[in-house]
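As structure tokens, the structure follows; a few thoughts come after it.
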Amino acid sequence: MADSIDIYNQYPLVLDPTSKAINLSSQTTTPASASTVTTELTELNALHRGLISLDPPNIPPPPLPINPKRSAQITKLRDSANTAYRKNNHAEAVRLYTYAIEMGIARPGWEPMSLAREELAGLFANRAQAYMAQQAWPEGLVDAKCSVESKPVGNVKAWWRAGKCLAEMGRWDEAQVAIDKGLEFEPRNGEGAKELLSLMEEVKEGMKRANSSA
Amino acid sequence: MVNWLSLAVPFAYLGVLIGSLATFSSLYRKRKAQKAYSLEPWFPAHLQRDIYFSLLHIDPPATSSKEKKAPAVPESVLKAALLRRAEEDIKRVLALRSQKQALGVLLQRGSVGDDLWQRFQRAEKEMEDEVRDVVSEANAYVPGWGQTIFQSANEMMNNTLYRERIAEQQAKLDEERQWWEKRRASIKEGFMKELDAEDSTSTAPPQKTEAPADTTPTTTSSSTPAIKTPESSGAPSSVTGSDDDAVLVEADEQPGSPASPSKKKKKGKK
């Protein structure tokens with residue numbers, strides 16, 4: 001029992017000499033099913049590529065402090081997207097926000113999650129807004145949901161947008177649920193709560209109308 | 001001769017005694033070991049750990065002339081594998097921690113057997129060793145890495161979880177889009193009927209020709225030919241395309257304002 005730490009299952013791995021990627025050698029059978037091993041190896045290779053791009057000694061730095069380069073790039077993209085949005089160039093804004101979101105998602109894993117969450121919450125909320133300006137309610141809804149998923153507290157705009165999208169699509173019940181949830185996270189007397197409440201009125205009216213016509 | 005015979009009796013006695021004792025002891029031990037072994041391990045096989053060790057044990061390429069210079073696997077790969085291993089370790093440690101309390105309560109009440117508790121304790125001990133092992137390996141690569149490797153691995157795990165959730169949300173997009181397309185088509189159908197009922201004047205014939213072409217798209221597949229003015233965004237173009245038809249109908253009354261379809265659609269829907 002004491003030497004159980006030294007026991008392991010040997011996998012027939014091979015190293016691609018040029019790309020340094022690890023693969024499962026094809027001819028042998030493996031203890032575990034090959035597909036799980038392969039997915040694990042893909043992740044490993046991806047992580048390895050990430051490590052190689054670091055400075056020597058090629059280990060992930062401690063989570064803090066953060067390398068500011070990527071943050072700066074994302075901020076730049078977001079700013080240009082914001083300007084595009086203000087110029088009513090909504091499609092362009094969506095495109096730029098999408099780039100920024102992709103960049104935020106591609107952040108290396110060892111950087112603090114809270115940072116990625118914060119950043120993506122804002123980006124998703126903004127993209128939702130840009131979608132809504134184009135009347136693309138389902139897209140806006142999904143993005144708003146992503147935003148509140150990333151950061152439920154202090155994100156009243158995203159809650160409002162999710163509610164609004166649902167209301168625009170006539171899904172009154174779901175809109176009500178979304179607004180209720182948003183109100184849970186929002187101080188009742190704040191500015192954001194007021195907007196949520198007024199949207200709630202709208203939703204209730206819509207619900208009544210839908211019920212009377214049905 | 002007589003001597004041998006009289007001696008054989010005690011020897012035989014001793015032989016039988018020792019033999020039976022040995023058999024008993026070996027049988028007993030074997031059974032015990034089997035029992036302990038037959039207890040299922042708490043976790044499935046530690047894939048990341050297996051891979052890490054497999055990498056360590058890959059034979060160096062046979063043709064290498066300078067033996068020292070050509071390790072089988074570059075160190076960075078091993079580091080990555082170690083990180084993956086640490087990530088999985090964190091998952092397991094967290095799982096153990098969250099299960100411990102509940103299991104303790106269940107054990108006190110007698111709801112679960114002793115076996116389960118033994119398995120759990122074994123897993124706990126193994127994880128302790130495992131974590132210590134990872135830390136020492138990390139320190140062997142870069143001095144001081146042992147202190148931060150689990151921090152990094154923890155963030156990596158959280159980030160992966162978070163990204164999975166986001167991806168899940170984004171995956172719903174197609175479903176939502178299709179739903180909305182269908183729904184919008186049905187709304188428009190109702191709207192068309194209202195319009196038809198309202199004015200059966202000269203504008204009616206063009207509307208009627210328009211209507212059947214539009215009401216069919218309730219099935220999403222046939223809605224694609226309705227694209228007349230595809231807008232910049234790619235996928236929802238079928239939506240906007242069918243929408244522009246609604247504008248076309250209205251545009252009969254107000255010609256020369258196709259540039260603001262969004263406002264009108266809003267009006268039409270409400």
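Please go through the range B:74-131 and pick out each residue that is polar (S, T, N, Q) and open to solvent by 50 Å² or more (accessible area, probe 1.4 Å).
Listed by number, the residues that qualify are B:Ser98, B:Gln99, B:Gln101, B:Gln108, B:Ser111, B:Gln118, B:Gln121.
Given (1) touching a Phe, Trp or Tyr at 6+ places or on another chain (Cβ under 9 Å); (2) closer than 30 Å to A:Pro68 by Cβ, identify the lone condition not met by A:Gly109.
Checking A:Gly109 against (1) touching a Phe, Trp or Tyr at 6+ places or on another chain (Cβ under 9 Å); (2) closer than 30 Å to A:Pro68 by Cβ, the one that fails is (1).
Report every pair of residues separated by at least 6 positions or lying on different chains whose Cβ atoms are under 7 Å apart, first residue within the range A:58-72 and open to solvent by 70 Å² or more (accessible area, probe 1.4 Å), second modelled with pLDDT of 75 or more.
Listed pairs, sorted by first residue: A:Leu64/A:Pro112.
What's the total number of residues in the range B:143-181 that are under 15 Å from A:Pro60 (Cα atoms), free of Cβ contacts under 8 Å to residues at least 60 places away in the same chain and open to solvent by 20 Å² or more (accessible area, probe 1.4 Å)?
Start the filter on the range B:143-181 by keeping residues that are under 15 Å from A:Pro60 (Cα atoms), which leaves B:143-157, B:159.
Imposing the further condition that a residue be free of Cβ contacts under 8 Å to residues at least 60 places away in the same chain reduces the set to B:143-148, B:151, B:155, B:159.
Add one more test, that the residue is open to solvent by 20 Å² or more (accessible area, probe 1.4 Å), and what stays is B:143-144, B:147-148, B:151, B:155.
Selection size over the range B:143-181: 6.
Name the residues in the range B:26-44 that are within 11 Å of another protein chain (Cβ to nearest Cβ), loosely packed, with under 13 Cβ neighbours inside 10 Å and within 27 Å of the chain's Cα centre (by Cα), would you?
Hit for the range B:26-44 is B:Pro44, nothing else.
Any chance you could count how many residues in the range A:85-96 are open to solvent by less than 100 Å² (accessible area, probe 1.4 Å), without any contact (Cβ under 8 Å) to a residue 24 or more places away in the chain and within 17 Å of A:Phe124 (Cβ to Cβ)?
So the answer is 1.
The values are calculated or read from the model by the stated rules, or taken from the named source; none is laboratory data. Computed from a predicted model, the values in this text were never measured in an experiment. For neighbour counting, all protein chains shown are included, and Cβ atoms are generated from backbone atoms with ideal geometry for every residue, glycine included. When the accessible area is computed, the model is the full protein with side chains, heavy atoms only, and any ligands, DNA or RNA have been set aside. Shrake-Rupley method; radii C 1.70, N 1.55, O 1.52, S 1.80 Å.
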